[in-house]
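A.B. asks: Structure incoming, see below.
The values are calculated or read from the model by the stated rules, or taken from the named source; none is laboratory data. What you are looking at is a predicted structure, and each value in this text was computed from that prediction instead of being measured. Using ideal geometry, Cβ is built from the backbone for each residue, glycine included, and neighbour counts are taken over all protein chains shown. Accessible surface areas use protein heavy atoms only, side chains included; no ligands, DNA or RNA. Shrake-Rupley method; radii C 1.70, N 1.55, O 1.52, S 1.80 Å.
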Amino acid sequence: MAKQAPSLMDTIVSLCKRRGFIFQASEIYGGIGNTYDYGPLGVELKRRVKDAWWSRTVTVRRDVVGLDSAILQNPRVWEVSGHVGGFSDPMIDCKTCKGRFRADHLDQLACPEKPSKHPGECHGELTEPRSFNLMFKTNLGPMEDSGSVAYLRPETAQGIFLNFANVLSSARIKPPFGIAQIGKSFRNEITPGNFVFRMREFEQAEMEFFVPPDENDQWYAYWRDERYRWYTDLGIRADKLRVREHDQKELAHYSTATCDIEYEYPFGWGELEGIACRTDFDLKRHSEASGTTLEYFDPQTKEHYTPYVIEPAGGIDRMALTFLVDAYEEEQLEKDTRVVLHFHPEIAPITVGVFPLVKKDGMPEKAMEVEEDLRRAGFATFYDEKGAIGRRYRRQDEVGTPWCITIDGNTLENDVVTIRDRDTMQQDKVQVAELRAYIDAAVRSWKR
Ligand code: ATP
């Protein structure tokens, strides 16, 4: 039988495992449904995604501050926010194959027994949809009774609403302003799948931007455009990215507008991030239920009001997957094919590879000295002295290292190194003393 070519997703999943980006969690025990561990390169990739998000959303802005709220909160929080009653997906079982599916995703899912068909099209008998709450329950303390029930947060946003008054009184800030947070969230997804696109434990980057109600529309447009630009500025191809405005039927009852930034993954278009107008819904609900007023007093107009909220909410794991998928290329060269990840240098887990041309004549010592110097200057480096130089370049191409430096006889004599560009494969000669400035400038001027 002819061997089928692996799909692009399969290829990326296998590259992630082989090169240490992402591993199946509990792999030696057979794994656990859609839970993943990030390996040495994956953890760096994710850290850079988080740094890039934080820097753009918080650090460079005067009007956004950060927060790190707890995963466990008072269970009342989730009753009041609507998650206990309403954070559920419609679930359908197949009586024939015992498969379990999300009723609203049937057209994207495959029958486990006849993968060319959607569930229900395969003559399997489906049950009516039942509502399934996505929150993970746990118990606080030694008693496992109803009084000790707590939930793992399904989103980070509520922790921000709970601290609205704390931040307002401590941070000397006034609307329009935002509170940003990155942290783990948990959802007992019915049909997880597509690698780290849909997991049960994942990281979110969310920001609640509090505005005077009459500025709602302008700030919604601002954050929708700003979040889209963040992706394209970091090299994501614009033709793979789109903004999809929700129609009236899709909108939450309290929302005036919501859109998704979608990416065209190998398995089709999928939500990467959502931008939602949440109006004053959450602050008002928590005000009423807790008895703590969550309002802003405007000293100029002498009026109290509840701000409206614009929320950009994205998943760090989906962002990391998007950077991986978008960067991946099998480039056809004259004699062979090379696999290259065209990461933006700010996203690449390793910035510079440093190699001695050969393992003798003092080249390894000089190469280690150059590498040490760059590492201490804050660059993410990788030292490699094994194998042919061409193969060492290719290994770095495959993990997206933008530049590789080779130390040769010329370095020992004249302090000049060869620096090779990942994308163009062109080589430049640079003085060791100029290396830092050269790489800094190359990072700043990088374009896809
Ligand atoms: P979906 O429709 O894909 O289930 P959602 O609309 O429920 O997503 P939100 O509640 O808006 O998602 O969460 C904000 C972001 O968090 C999403 O855009 C996505 O990037 C990320 N996210 C949500 N659920 C998951 C998950 N199970 N695994 C990984 N990331 C997720």
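A.B. asks: Restricting the count to DSSP beta bridges whose residues both fall in the stretch 350-445, what percent are antiparallel, rounded to a multiple of 5?
C.D. replies: Numbers: 9 of 17 bridges.
Roughly 55 percent of the DSSP beta bridges within the stretch 350-445 come out antiparallel.
A.B. asks: Checking the a/c ratio against 1.5 first, then a/b against b/c, what shape does the Cα gyration tensor give for the stretch 365-448?
C.D. replies: Numbers: a/c = 1.40, a/b = 1.10, b/c = 1.27.
Verdict is rounded for the stretch 365-448.
A.B. asks: Can you give the extra length, in nm with one decimal, that the chain gains between His253 and Ile32 once fully stretched, where that is 0.36 nm per residue apart less the Cα-Cα distance?
C.D. replies: Stretched out fully, the His253 to Ile32 stretch lengthens by 76.0 nm.
A.B. asks: Let me ask something additional. Considering only protein heavy atoms, what per residue accessible area in square angstrom results for the chain with a 1.4 angstrom probe? Write down the numbers at each step before the final one.
C.D. replies: On the way: 22380 Å² over 448 residues.
That works out to 50 Å² for each residue.
A.B. asks: Label points 7 Å out from Cα along the Cβ direction at Arg130 and Ser14: separation in nm?
C.D. replies: Inter-label distance under the simple model: 3.9 nm.
A.B. asks: With axes computed from alpha carbons, what is the tilt in degrees of helix 363-376 against the longest principal axis of the chain, rounded to the nearest 10 within 0 to 90?
C.D. replies: 30 degrees
A.B. asks: Does a label point 7 Å from the Cα of Lys240, set along Cα-to-beta-carbon, have any residues of the stretch 259-278 with amide nitrogen under 16 Å, and which are they?
C.D. replies: 261-273
A.B. asks: How far apart, in nm, are two points set 7 Å out from the Cα along the Cα-to-Cβ line at Asp421 and at Tyr383?
C.D. replies: The two pseudo-label positions are separated by 2.9 nm.
A.B. asks: Mind checking which aspartates and glutamates have their C-alpha under 12 Å from Lys284, skipping anything on the same chain fewer than 8 residues away?
C.D. replies: Glu295
A.B. asks: Would you kindly state how much longer the chain becomes between Asn410 and Asp107 on full extension, computed as 0.36 nm times their sequence separation minus their alpha carbon distance, in nm to one decimal? Write out the running numbers ahead of the final one.
C.D. replies: On the way: separation 303, 0.36 × 303 = 109.08 nm, distance 6.13 nm.
So the chain would gain 102.9 nm between Asn410 and Asp107.
A.B. asks: Antiparallel as a % of all DSSP beta bridges within the chain, to the nearest 5?
C.D. replies: Values: 68 of 79 bridges.
The antiparallel proportion sits near 85 percent.
A.B. asks: So which GluC sites (Glu not before Pro) in the stretch 257-358 are both in a DSSP loop and have at most 13 other Cβ atoms within 10 Å of their Cβ?
C.D. replies: Details: sites: Glu262, Glu264, Glu271, Glu273, Glu288, Glu295, Glu303, Glu329, Glu330, Glu331, Glu334, Glu346; in loops: Glu295, Glu334, Glu346.
Sparse-neighbourhood loop GluC sites (Glu not before Pro): Glu334.
A.B. asks: Taking the stretch 287-362, which trypsin sites (Lys or Arg not before Pro) meet the DSSP loop condition and have no more than 13 other C-beta atoms within 10 Å? Present the calculation step by step, with values, prior to reporting the outcome.
C.D. replies: On the way: sites: Lys302, Arg318, Lys335, Arg338, Lys359, Lys360; in loops: Lys302, Lys335, Lys359, Lys360.
The qualifying sites are Lys302, Lys335, Lys359, Lys360.
A.B. asks: Given a 1.4 angstrom probe, I'd like the percentage of the accessible area of the chain that is carbon and sulfur, rounded to a whole number.
C.D. replies: Values: 10930 of 22380 Å².
The C+S portion of the solvent-accessible surface of the chain is 49 percent.
A.B. asks: Please work out how much length the chain gains when fully extended from Leu72 to Glu365, using 0.36 nm per residue of separation minus the C-alpha to C-alpha distance, in nm with one decimal.
C.D. replies: On the way: separation 293, 0.36 × 293 = 105.48 nm, distance 5.10 nm.
So the extension gain works out to 100.4 nm.
A.B. asks: Distance between Cα centroids, the stretch 237-307 to the stretch 380-448: provide it in whole Å.
C.D. replies: Rounded to whole Å, the Cα centres lie 45 Å apart.
A.B. asks: What is the antiparallel percent of DSSP beta bridges lying wholly in the stretch 319-396, to the nearest 5? Provide the component values of the computation, followed by the final result.
C.D. replies: Numbers: 5 of 8 bridges.
Around 60 percent antiparallel, to the nearest 5.
A.B. asks: For the chain, what does the alpha-carbon gyration tensor say about shape, rounded, prolate or oblate, given a ≥ b ≥ c as the root eigenvalues, a/c under 1.5 as rounded, and a/b over b/c as prolate? Mind showing how you got there, number by number?
C.D. replies: Numbers: a/c = 2.20, a/b = 1.42, b/c = 1.55.
Oblate is the answer for the chain, as a/c is 1.5 or above yet b/c matches or exceeds a/b.
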